[in-house]
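The values are calculated or read from the model by the stated rules, or taken from the named source; none is laboratory data. Predicted model only: the values in this text are computed from it and were never measured. Cβ atoms come from the backbone with ideal geometry, glycine included; neighbour counts cover every protein chain shown.
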């Protein structure tokens, strides 16, 4: 049976992800409250489309989201994406929830609320490059079978023991790679002598099993 993925809200990112995931063999459903966007999405072969507000339980139920493998909340409102992810996880038994957020400072809060993966729009550059980066990251993160290698985002609080240390001296698991640091509006390619600062957002390549230890080292939590 094909893994079932629900893309809730959004348009450009939904379109990119739908095409990519369908090619990888997923059963994909898109939920969108804009009728015109639904008509455009419906042109994608093998994509199931529902017109409705994905933050409303009856819409999710009509789309048969029960026990889906993955739900990805892609609206342009962080609060809506949190509500959608919480509903999917706690009410409908979705196995893995992913939320898009605009504010990287909310990353820790979303994880605390039980969201499995958080993707920050601020970490991607604009226009078509952003869409390509988003599609590639999500497709990598959602690999089926074996150990999943994914891109994780970690917000560094001012209480973190990693603050003002270089990456070289932070005791990260051997298989974790910090690829990039988002600092204010700047993207910094990470190297061993790169210093971590409070309020940084680190993008790291990791596996599910190494991610918790890496987050503890970087946040102190």
Residues of the range 5-39 satisfying the condition of being farther than 24 Å from residue 101 by Cα and in contact with a helix residue (DSSP H, G or I) (Cβ under 8 Å, 6 or more places away or on another chain): 24
Criterion violated by residue 76 - all others in (1) more than 17 Å from residue 97 (Cα to Cα); (2) surrounded by fewer than 13 Cβ atoms within 10 Å (Cβ to Cβ) satisfied: (1)
In this structure, does residue 191 turn out to be in a helix (DSSP H, G or I) and either in the same structural domain as residue 120 (by TED's automatic domain parsing) or over 18 Å from residue 111 (Cβ atoms) (or both)? no
The one condition in (1) in contact with a helix residue (DSSP H, G or I) (Cβ under 8 Å, 6 or more places away or on another chain); (2) at pLDDT below 95 that residue 2 fails to fulfil: (1)
Before we move on, is residue 161 modelled with pLDDT of 85 or more, under 29 Å from residue 90 (Cα atoms), touching a helix residue (DSSP H, G or I) at 6+ places or on another chain (Cβ under 9 Å) and not in a strand (DSSP E or B)? no
Can you find even one residue in the range 109-129 that is modelled with pLDDT under 70 and under 25 Å from residue 3 (Cβ atoms)? yes
Count of residues meeting criterion [in contact (Cβ under 8 Å) with a residue 60 or more places away in the chain and over 17 Å from residue 101 (Cβ atoms)] in the range 148-186: 3
